[in-house]
1. With a 1.4 Å probe and all protein chains kept in place, how do Tyr206, Tyr35 rank by accessible area, largest first?
2. Which ³J(HN,Hα) values, rounded to whole Hz and listed in residue order, are derived for the stretch 35-51 from phi using the Karplus coefficients 6.51, -1.76 and 1.60 in 6.51 cos²θ - 1.76 cosθ + 1.60 with θ = phi - 60°, glycine and proline given as x?
3. Pull out a ≥ b ≥ c, the square roots of the eigenvalues of the alpha-carbon gyration tensor of the stretch 318-360, then state rounded if a/c is under 1.5, prolate if not and a/b is larger than b/c, and oblate in the remaining case.
4. Pop the C-beta distance of His64 and Glu173 into the FRET formula with R0 = 22 Å and round what comes out to the nearest 0.05.
5. How much accessible surface does Thr65 have with a 1.4 Å probe, in Å² rounded to 10?
6. Regarding the stretch 162-272, what are the three Cα extents along the principal axes, ordered largest first, in Å?
7. In what sequence, largest accessible area first, do Lys28, Lys257 appear using a 1.4 Å probe?
8. In Å², what does the accessible area per residue of the chain work out to with a 1.4 Å probe?
Amino acid sequence: MNQYDVTVIGSGPGGYVAAIRCAQLGFKTALIEKYPNLGGTCLNVGCIPSKALLDSTEHFHNAHTTFKEHGIELSDLRINMNQLIDRKNGVVKANTDGIQFLMKKNKIEVLRGVGSFIDKNHISIAPTEGGEAQQIETKYTIIATGSKPTVLPFIAQDKERIITSTEALNIREVPKHLVVIGGGVIGLEMASVYARLGAKVSVVEYTDAIIPTMDGALGKELKRVLGKIGIQFFLSHKVTGATRAGDVVTVTSTNPKGEEVKFEGDYCLVAVGRSPYTQGLNLEAAGVQFEERGRIKVDEHLQTTTPGIYAIGDVIRGAMLAHKAEEEGVYVAETLAGQKPHINYLLIPGVVYTWPEVAGVGYTEEQLKEMGKAYKTGSFPFRASGRARASMDLDGFVKVLADKETDEILGVHMIGPRIADLIAEAVTAMEFRASAEDVARMSHAHPTYAEAMKEACLAATENRALHM
Ligand code: FAD
Ligand code: NAD
């Protein structure tokens, strides 16, 4: 029986990063994955393919809408859905092959099949295509089995017309009318993809805001801007069912007045969150316990209720984000090596890759109000930015929240061009506990979108913005 110091179950961004860090630290490491491709949700049916489609469709949308003003004239502009999806698949393959290479480079043994605990230190791996299961012995295990789309019990998803994000990444036609259930991250990213291609898109959301967990100002601005590309929003609508008859899908909901509202489309995307995935792990055999909503229970060191078994990423508490899973993978590996790593969960940024992009880190204004914290705000609109004028990206703003007494930055919330990258400046500043004035006094290259961060910090510092 093969023996390992550390066995990681699941090869998503949590699992493969944990395996690499374990190998770097000198552990004999195995990685178990049930699918042929490594990379998990993120690389195969999540972050990477969705961003590939968002990029392609943004080009198409711009070619239709803003190119003329740039002086670029096109005729006979058409979308080739097969090429669009094939390119996306190529991007996915390049990334998953890259993980395979990294495993080899770090001498991590990849074991294919479903990992299942026999007991605390023994795992069986059953090949998915049949054949005999192999057994291994391990000192430590890191569970990184991720999540699956949440299903609404009253909706039968046929995965052809009533679909999850996985199928929404592979539609080889432009829907006539896509009805999206859920105005969260997946709902809005996929709504953007198809609205840009010309589909009618209706987003039906249960709460009274889109992206409801982010700072309230971001959802308001995003709703306004996405409205301009034709996405229609039905907020405070409780979905009660979705049925398919032939190629027609009917979604029923109840509006705030208690009236029934029906949506008829050719596709319905159900994007109401994701649920932790632990099927097949046989956790009972190892004594690993759950907490609420099927998540694996872990302590502050990400150790489960069984010593020596850890869990990371979507399968445990916290935001379901690839970079959160990665940080946790590194954290556990370094903990096993006797180091004292640290994760500041407050400073894990959240990003939505619509256009304009949306990002936030730290406390939201709603949270500060609830905490009773004295704070001040500074905002800077992109319409006042020379760089944004040059690219005609005038929607959005950067909003900085700082401690009223000390000026320490408590939260930064942005919507605008390329701010998925700009949020890193806010994370860096907050990690070093910068004040708004610290950032305001740093030189930011001109003209850049990043100047909006400096200006928002100036605005928070005695209302000293220079360009508005
Ligand atoms: P996963 O990536 O889910 O990987 C788990 C792996 O474990 C899978 O490969 C699975 O096959 C394997 N597995 C499960 N059980 C077993 C078993 N018993 N034996 C062997 N293998 C097993 N996050 C971002 O930060 N940025 C984004 O832009 C972003 N976009 C997204 C877009 C979409 C459409 C979706 C669906 C998600 C997106 N996410 C994004 C979320 C991100 O994909 C997840 O947070 C991330 O993948 C979680 O990583 P993980 O390692 O915990 O699990
Ligand atoms: P989400 O939690 O972001 O949004 C789900 C939305 O559905 C919420 O707004 C919720 O109020 C709404 N909802 C729930 N039940 C409903 C109902 N019955 N009727 C109408 N609306 C309902 O979840 P998601 O968009 O499915 O994404 C899942 C996870 O994947 C998220 O945790 C997210 O972090 C991650 N993800 C991240 C990115 C990114 O980082 N850019 C992209 C995609 C997904």
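The values are calculated or read from the model by the stated rules, or taken from the named source; none is laboratory data. All of these numbers come straight from a predicted model, not from anything done at the bench. A quick note on method: Cβ atoms are made from the backbone with ideal geometry, for glycine too, and the neighbour counts reach across all protein chains shown. Note: areas computed on protein heavy atoms with side chains; ligands, DNA, RNA excluded. Shrake-Rupley method; radii C 1.70, N 1.55, O 1.52, S 1.80 Å.
1. Final ranking, largest accessible area leading: Tyr206, Tyr35.
2. Values per residue, Gly and Pro as x: 8, x, 8, 7, x, x, 4, 3, 7, 8, 9, x, 3, 6, x, 5, 5 Hz.
3. prolate
4. Computed FRET efficiency for His64 and Glu173 comes out at 0.75.
5. Per-residue accessible area (Thr65): approximately 70 Å².
6. If we take the Cα atoms of the stretch 162-272, the spans are 39, 31, 22 Å.
7. Highest to lowest solvent-accessible surface, that is Lys257, Lys28.
8. Per-residue value: 46 Å².
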